[in-house]
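Comments concern the structure below.
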Amino acid sequence: MKELYQSNYWVRWETCKDPESRRRKARKIRSILEAAAPGLIGQGGQALDVGCSIGVIDEHLAMAWPHWEIVGVDIDAEALRLARTRCADLFLCLGDAMRLPFPDATFDLVLCAQVYEHVPDWRRLLWEIHRVLRPGGICFFSGPNRLFPIEPHYGLPFLTYLPRPLAHRVLRWSGKAPLYYERPVTWWTLAPRLGRSGVRDRGLHLPPVRGSATVPLERSRGRSLLALGADAPATLAPAVDPLDAEFQPGPS
């Protein structure tokens with residue numbers, strides 16, 4: 001069975017519709033990045049939020065970091081339309097995380113928070129993040145660990161442990177979803193893929209964040225990845241333009 005993105009994600013998930021929960025997430029991301037990379041955050045630049053949804057995190061960061069240009073990209077057109085009505089000044093783009101519609105080395109910062117498990121091929125997502133990051137840039141990366149016993153999206157125990165065909169059936173039987181679209185992996189699956197891309201441990205120690213385990217990493221080519229394992233034991237018009245016309249990448 002060919003597996004695709006889950007359609008209308010924002011419509012289906014109540015947590016995405018709660019602005020306050022998104023603001024809490026934004027404050028968490030902001031505090032970690034300001035502690036981890038004060039030099040980069042202080043100098044400003046261009047940032048990309050992969051999976052921006054309704055734009056609450058982008059709006060928060062744009063207000064907190066006025067010297068940054070924040071760009072959001074998402075596959076969910078309905079969420080982007082709502083984001084445009086909420087904050088017309090945001091740069092928003094309808095796009096595929098596996099084929100980001102930006103030139104190489106465009107961004108100083110990439111956010112990919114709790115998104116990788118929703119992408120049909122997370123390996124291609126990682127390569128795309130690497131491609132659009134500038135040398136010296138940072139990626140904030142977070143996502144669930146497949147070994148966590150309670151599946152975080154549906155609240156079902158051990159769902160991630162099942163073979164995918166059986167997981168699909170369990171979700172249909174439960175009435176929660178027609179398919180198990182999410183694809184979480186373990187750190188031991190993720191780490192070798194990052195390693196083959198030249199990723200290594202930075203040895204950076206951050207203040208503890210409740211509910212997460214931090215694993216900071218750095219690319220040997222000068223790009224770095226701040227990986228977070230959550231809960232570790234883990235106006236766009238109706239015809240959506242591919243990219244806001246106002247956004248132009250700044251100088252490398």
7 Å from Cα along Cα→Cβ at both TYR161 and ALA35: what's the point-to-point distance in nm?
3.2
Segment LEU4-HIS67, length gained on full extension (0.36 nm per residue, minus Cα span)
19.0 nm
With a cut-off of 20 Å, note down the residues of the range 141-155 whose backbone N falls inside the zone around a label point 7 Å from the Cα of SER174 toward its beta carbon.
143-155
Going by how many other beta carbons lie within 10 Å of each one, how would you line up VAL115, VAL132, fewest first?
VAL115, VAL132
Percent of all alpha-carbon pairs of the range 48-204 at distances over 28 Å, whole number, is 28
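All of the numbers you see were taken from the coordinates with simple rules; none came from a lab. For clarity, every value in this text was computed on a predicted model and none was experimentally measured. For neighbour counting, all protein chains shown are included, and Cβ atoms are generated from backbone atoms with ideal geometry for every residue, glycine included.
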